[in-house]
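The values are calculated or read from the model by the stated rules, or taken from the named source; none is laboratory data. From a predicted model like this one, the values you see are computed outputs, not experimental measurements. Here Cβ is always computed from backbone atoms with ideal geometry, including for glycine, and neighbour counts include all displayed protein chains.
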Amino acid sequence: MLILRWLASQALKGREILSILVVGAFCLWLSSRPDPIQKTWRTSFATTVFLPIQLVVERFKIRWDLQKEIGETKAENARLIAENAALSEIAEIRTTLQEFESMRSRLEFPLAGTRVISRDPVRLGGVWLLDEGKNKGIDEGMAVISSKGIVGRVMASSHGFAQMQSLADPDCRVAVVSARSRNPGILHSPDGSGVFIEFSVTSDIRLGDSLVTWGAGGIFPRGLPVGRVAEIRKEATNILRHARVEPFQDPWEVRDVFVLLRPPSLRVMADDLIGSAKYLPAGSP
(Lines give C-alpha, C1' and ligand atoms only; values in the text may rest on other atoms or scores of the structure.)
Protein backbone atom coordinates (compact mmCIF):
# COMPACT_ATOMS: atom_id res chain seq x y z
CA MET A 1 0.00 0.00 0.00
CA LEU A 2 2.82 2.38 0.86
CA ILE A 3 4.49 1.52 -2.42
CA LEU A 4 1.33 2.46 -4.37
CA ARG A 5 1.07 5.79 -2.54
CA TRP A 6 4.74 6.49 -3.27
CA LEU A 7 4.25 5.71 -6.97
CA ALA A 8 1.17 8.00 -7.10
CA SER A 9 3.07 10.86 -5.42
CA GLN A 10 5.94 10.49 -7.88
CA ALA A 11 3.50 10.45 -10.77
CA LEU A 12 1.88 13.69 -9.53
CA LYS A 13 5.25 15.39 -9.12
CA GLY A 14 6.24 14.61 -12.69
CA ARG A 15 2.79 14.86 -14.26
CA GLU A 16 3.97 17.14 -17.05
CA ILE A 17 6.59 14.67 -18.19
CA LEU A 18 4.17 11.80 -17.66
CA SER A 19 1.54 13.53 -19.77
CA ILE A 20 4.02 14.07 -22.59
CA LEU A 21 5.08 10.44 -22.46
CA VAL A 22 1.48 9.21 -22.48
CA VAL A 23 0.54 11.46 -25.40
CA GLY A 24 3.67 10.46 -27.31
CA ALA A 25 3.01 6.77 -26.73
CA PHE A 26 -0.60 7.16 -27.81
CA CYS A 27 0.43 8.94 -31.00
CA LEU A 28 2.94 6.23 -31.84
CA TRP A 29 0.34 3.59 -31.20
CA LEU A 30 -2.28 5.40 -33.27
CA SER A 31 0.10 5.93 -36.18
CA SER A 32 0.73 2.22 -36.34
CA ARG A 33 -2.98 1.39 -36.57
CA PRO A 34 -4.83 0.88 -39.87
CA ASP A 35 -6.51 3.84 -41.58
CA PRO A 36 -10.07 2.94 -40.54
CA ILE A 37 -9.03 2.93 -36.87
CA GLN A 38 -7.14 6.23 -37.26
CA LYS A 39 -10.21 7.78 -38.96
CA THR A 40 -12.44 6.62 -36.12
CA TRP A 41 -10.13 8.16 -33.54
CA ARG A 42 -9.87 11.45 -35.47
CA THR A 43 -13.65 11.65 -35.65
CA SER A 44 -13.92 11.00 -31.94
CA PHE A 45 -11.38 13.73 -31.12
CA ALA A 46 -13.13 16.19 -33.42
CA THR A 47 -16.52 15.64 -31.76
CA THR A 48 -15.40 15.42 -28.13
CA VAL A 49 -12.23 17.51 -27.68
CA PHE A 50 -11.94 20.00 -30.54
CA LEU A 51 -15.63 20.75 -31.07
CA PRO A 52 -16.10 22.65 -27.76
CA ILE A 53 -12.93 24.62 -28.49
CA GLN A 54 -14.21 25.39 -31.97
CA LEU A 55 -17.58 26.49 -30.57
CA VAL A 56 -15.89 28.84 -28.09
CA VAL A 57 -13.69 30.31 -30.83
CA GLU A 58 -16.72 30.67 -33.11
CA ARG A 59 -18.69 32.42 -30.38
CA PHE A 60 -15.89 34.91 -29.82
CA LYS A 61 -15.68 35.53 -33.57
CA ILE A 62 -19.44 36.14 -33.82
CA ARG A 63 -19.30 38.54 -30.88
CA TRP A 64 -16.34 40.39 -32.39
CA ASP A 65 -18.09 40.69 -35.77
CA LEU A 66 -21.28 41.86 -34.07
CA GLN A 67 -19.45 44.58 -32.11
CA LYS A 68 -17.69 45.68 -35.27
CA GLU A 69 -21.01 45.84 -37.12
CA ILE A 70 -22.59 47.83 -34.27
CA GLY A 71 -19.69 50.30 -34.35
CA GLU A 72 -20.02 50.74 -38.12
CA THR A 73 -23.80 51.19 -37.78
CA LYS A 74 -23.34 53.87 -35.11
CA ALA A 75 -20.82 55.70 -37.28
CA GLU A 76 -23.16 55.55 -40.28
CA ASN A 77 -26.07 56.74 -38.14
CA ALA A 78 -24.03 59.70 -36.89
CA ARG A 79 -23.09 60.57 -40.49
CA LEU A 80 -26.73 60.44 -41.60
CA ILE A 81 -27.80 62.61 -38.65
CA ALA A 82 -25.14 65.19 -39.57
CA GLU A 83 -26.22 65.15 -43.22
CA ASN A 84 -29.87 65.49 -42.23
CA ALA A 85 -29.03 68.45 -39.97
CA ALA A 86 -27.10 70.11 -42.80
CA LEU A 87 -30.00 69.60 -45.21
CA SER A 88 -32.42 70.99 -42.62
CA GLU A 89 -30.19 74.07 -42.26
CA ILE A 90 -30.17 74.58 -46.02
CA ALA A 91 -33.96 74.15 -46.22
CA GLU A 92 -34.48 76.62 -43.37
CA ILE A 93 -32.20 79.22 -44.97
CA ARG A 94 -33.97 78.76 -48.30
CA THR A 95 -37.36 79.27 -46.65
CA THR A 96 -36.11 82.42 -44.93
CA LEU A 97 -34.79 83.82 -48.21
CA GLN A 98 -38.08 83.09 -49.96
CA GLU A 99 -40.04 84.83 -47.20
CA PHE A 100 -37.68 87.81 -47.37
CA GLU A 101 -38.13 88.40 -51.09
CA SER A 102 -41.33 90.41 -50.54
CA MET A 103 -39.46 92.90 -48.32
CA ARG A 104 -36.25 92.97 -50.32
CA SER A 105 -37.81 94.95 -53.15
CA ARG A 106 -38.52 97.83 -50.72
CA LEU A 107 -34.89 98.15 -49.58
CA GLU A 108 -32.45 100.32 -51.47
CA PHE A 109 -29.34 99.15 -49.62
CA PRO A 110 -27.42 95.83 -49.75
CA LEU A 111 -27.87 93.20 -47.07
CA ALA A 112 -25.57 90.88 -45.13
CA GLY A 113 -27.06 87.61 -43.98
CA THR A 114 -26.11 86.45 -40.49
CA ARG A 115 -27.34 84.21 -37.70
CA VAL A 116 -28.03 84.67 -33.99
CA ILE A 117 -25.58 82.35 -32.22
CA SER A 118 -26.10 83.33 -28.57
CA ARG A 119 -28.37 85.38 -26.33
CA ASP A 120 -27.41 87.19 -23.14
CA PRO A 121 -29.17 85.28 -20.32
CA VAL A 122 -28.59 88.07 -17.79
CA ARG A 123 -29.70 91.22 -19.57
CA LEU A 124 -33.49 91.16 -19.82
CA GLY A 125 -34.70 92.11 -23.27
CA GLY A 126 -31.75 90.92 -25.24
CA VAL A 127 -28.25 91.77 -26.42
CA TRP A 128 -27.42 88.97 -28.81
CA LEU A 129 -24.37 87.80 -30.70
CA LEU A 130 -24.30 87.49 -34.50
CA ASP A 131 -21.87 85.25 -36.37
CA GLU A 132 -20.73 87.95 -38.82
CA GLY A 133 -19.11 91.33 -38.28
CA LYS A 134 -16.82 93.84 -39.96
CA ASN A 135 -15.64 91.14 -42.35
CA LYS A 136 -19.08 91.36 -44.01
CA GLY A 137 -19.34 95.14 -43.78
CA ILE A 138 -21.48 95.10 -40.61
CA ASP A 139 -20.91 98.15 -38.44
CA GLU A 140 -22.34 99.83 -35.35
CA GLY A 141 -25.79 101.39 -35.76
CA MET A 142 -26.96 99.24 -38.67
CA ALA A 143 -30.51 97.88 -38.69
CA VAL A 144 -31.16 94.18 -38.19
CA ILE A 145 -34.30 92.82 -39.87
CA SER A 146 -35.97 89.52 -40.69
CA SER A 147 -38.54 88.40 -43.24
CA LYS A 148 -41.33 89.53 -40.87
CA GLY A 149 -40.04 92.88 -39.67
CA ILE A 150 -37.34 94.70 -37.74
CA VAL A 151 -35.45 92.82 -35.02
CA GLY A 152 -33.02 95.36 -33.57
CA ARG A 153 -29.82 97.22 -34.32
CA VAL A 154 -26.09 96.55 -34.17
CA MET A 155 -24.47 97.82 -30.96
CA ALA A 156 -20.86 96.85 -31.69
CA SER A 157 -18.98 95.00 -34.39
CA SER A 158 -15.60 93.38 -34.79
CA HIS A 159 -14.04 90.93 -37.21
CA GLY A 160 -16.14 87.75 -37.23
CA PHE A 161 -19.04 88.72 -34.93
CA ALA A 162 -21.30 91.58 -33.86
CA GLN A 163 -23.53 92.46 -30.90
CA MET A 164 -27.19 93.14 -31.67
CA GLN A 165 -29.60 95.07 -29.45
CA SER A 166 -33.14 93.70 -29.81
CA LEU A 167 -36.36 95.73 -29.75
CA ALA A 168 -37.10 94.33 -26.28
CA ASP A 169 -33.94 95.82 -24.79
CA PRO A 170 -34.70 98.71 -22.37
CA ASP A 171 -32.09 100.94 -24.05
CA CYS A 172 -33.57 100.54 -27.54
CA ARG A 173 -35.79 103.30 -29.00
CA VAL A 174 -37.40 103.23 -32.44
CA ALA A 175 -39.50 105.95 -34.08
CA VAL A 176 -42.65 104.42 -35.58
CA VAL A 177 -45.87 105.60 -37.19
CA SER A 178 -49.31 104.11 -37.59
CA ALA A 179 -49.68 102.73 -41.12
CA ARG A 180 -53.32 103.87 -41.05
CA SER A 181 -53.14 107.43 -39.67
CA ARG A 182 -49.41 108.18 -40.12
CA ASN A 183 -49.31 109.46 -36.50
CA PRO A 184 -45.93 108.95 -34.81
CA GLY A 185 -44.84 107.34 -31.58
CA ILE A 186 -41.78 105.94 -29.83
CA LEU A 187 -41.35 102.17 -29.52
CA HIS A 188 -39.54 101.07 -26.37
CA SER A 189 -39.41 98.42 -23.65
CA PRO A 190 -39.47 99.76 -20.07
CA ASP A 191 -38.16 96.61 -18.39
CA GLY A 192 -37.42 94.14 -21.19
CA SER A 193 -40.55 92.08 -20.60
CA GLY A 194 -42.63 93.62 -23.40
CA VAL A 195 -42.66 96.23 -26.17
CA PHE A 196 -44.75 99.41 -25.92
CA ILE A 197 -45.41 102.55 -27.93
CA GLU A 198 -45.55 105.98 -26.34
CA PHE A 199 -47.57 108.58 -28.24
CA SER A 200 -49.31 111.92 -27.77
CA VAL A 201 -52.83 112.01 -26.38
CA THR A 202 -53.89 113.77 -29.58
CA SER A 203 -52.42 111.10 -31.87
CA ASP A 204 -54.83 108.90 -33.79
CA ILE A 205 -53.43 105.48 -32.85
CA ARG A 206 -56.01 102.78 -32.31
CA LEU A 207 -56.24 99.16 -31.26
CA GLY A 208 -55.18 96.88 -34.12
CA ASP A 209 -53.15 99.52 -35.98
CA SER A 210 -50.09 98.25 -37.82
CA LEU A 211 -46.90 100.12 -36.97
CA VAL A 212 -44.04 100.76 -39.39
CA THR A 213 -40.71 102.53 -38.99
CA TRP A 214 -40.80 106.32 -39.36
CA GLY A 215 -37.18 106.72 -40.54
CA ALA A 216 -35.96 109.15 -37.87
CA GLY A 217 -32.28 108.76 -37.04
CA GLY A 218 -31.30 107.05 -40.26
CA ILE A 219 -30.97 103.55 -38.76
CA PHE A 220 -34.28 102.05 -39.84
CA PRO A 221 -35.54 103.07 -43.30
CA ARG A 222 -39.08 104.36 -43.53
CA GLY A 223 -41.89 101.81 -43.88
CA LEU A 224 -40.41 98.63 -42.39
CA PRO A 225 -43.02 96.52 -40.52
CA VAL A 226 -42.71 96.65 -36.73
CA GLY A 227 -45.81 95.27 -35.02
CA ARG A 228 -49.48 95.64 -34.18
CA VAL A 229 -51.13 97.61 -31.36
CA ALA A 230 -52.55 94.97 -29.02
CA GLU A 231 -53.70 97.02 -26.02
CA ILE A 232 -54.07 100.72 -25.30
CA ARG A 233 -53.55 101.61 -21.65
CA LYS A 234 -55.17 104.50 -19.84
CA GLU A 235 -52.86 106.98 -18.18
CA ALA A 236 -53.48 109.27 -15.23
CA THR A 237 -51.92 112.21 -17.06
CA ASN A 238 -53.50 113.72 -20.13
CA ILE A 239 -50.23 114.25 -22.02
CA LEU A 240 -48.96 110.89 -23.25
CA ARG A 241 -50.47 107.46 -23.80
CA HIS A 242 -48.96 103.99 -23.89
CA ALA A 243 -49.98 100.91 -25.84
CA ARG A 244 -48.70 97.37 -25.79
CA VAL A 245 -47.32 96.22 -29.13
CA GLU A 246 -47.03 92.69 -30.48
CA PRO A 247 -43.97 92.68 -32.79
CA PHE A 248 -44.43 91.00 -36.15
CA GLN A 249 -41.10 89.28 -35.49
CA ASP A 250 -40.78 87.80 -32.02
CA PRO A 251 -37.16 88.61 -31.06
CA TRP A 252 -36.86 85.39 -29.06
CA GLU A 253 -37.84 83.20 -32.01
CA VAL A 254 -35.67 84.73 -34.72
CA ARG A 255 -32.59 82.86 -35.88
CA ASP A 256 -31.59 83.99 -39.37
CA VAL A 257 -31.46 87.77 -39.79
CA PHE A 258 -30.23 90.36 -42.27
CA VAL A 259 -28.19 93.47 -41.56
CA LEU A 260 -28.98 96.52 -43.67
CA LEU A 261 -25.62 97.86 -44.88
CA ARG A 262 -26.57 101.52 -44.80
CA PRO A 263 -23.69 103.98 -45.38
CA PRO A 264 -22.49 105.80 -42.22
CA SER A 265 -23.19 109.19 -43.80
CA LEU A 266 -26.91 108.41 -43.70
CA ARG A 267 -26.90 107.38 -40.05
CA VAL A 268 -27.11 110.27 -37.61
CA MET A 269 -27.65 110.60 -33.87
CA ALA A 270 -30.82 108.51 -33.69
CA ASP A 271 -31.56 109.11 -30.01
CA ASP A 272 -31.69 112.90 -30.48
CA LEU A 273 -34.07 112.69 -33.41
CA ILE A 274 -36.23 110.04 -31.77
CA GLY A 275 -36.39 112.08 -28.60
CA SER A 276 -37.74 115.01 -30.55
CA ALA A 277 -40.37 112.89 -32.31
CA LYS A 278 -42.71 112.86 -29.32
CA TYR A 279 -43.13 116.63 -29.65
CA LEU A 280 -44.23 116.50 -33.27
CA PRO A 281 -47.87 117.30 -33.98
CA ALA A 282 -50.23 114.48 -34.89
CA GLY A 283 -50.13 113.54 -38.54
CA SER A 284 -46.48 114.52 -39.06
CA PRO A 285 -44.70 112.27 -41.63
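Annotations
- Some residue of segment 227-242 being farther than 19 Å from Ser200 by Cβ, at pLDDT below 85 and out of contact with any Phe, Trp or Tyr (no Cβ under 6 Å at 6 or more places or on another chain): no
- Within segment 171-222, tally of residues that are more than 22 Å from Met142 (Cα to Cα) and among the β-branched types (Val, Ile, Thr): 3
- Filter result (in a loop (DSSP other than H, G, I, E, B), without any contact (Cβ under 8 Å) to a residue 60 or more places away in the chain and under 19 Å from Arg241 (Cβ atoms)) within segment 165-219: Ala179, Arg180, Pro190, Gly194, Val201, Ile205, Arg206, Leu207, Gly208, Asp209
- Residues satisfying the criterion are present in segment 139-156 (criterion: over 26 Å from Arg228 (Cβ atoms), touching a Leu at 6+ places or on another chain (Cβ under 9 Å) and modelled with pLDDT of 90 or more).
- If you go through segment 215-240 and keep only what is farther than 16 Å from Leu107 by Cβ and buried (at least 20 other Cβ atoms within 10 Å of the Cβ), you end up with Ala216, Gly217, Gly227, Val229.
- Of residues in segment 117-143 being in contact with a Lys or Arg (Cβ under 6 Å, 6 or more places away or on another chain) and not in a loop (DSSP other than H, G, I, E, B), the one farthest from Phe258 (Cα to Cα): Trp128
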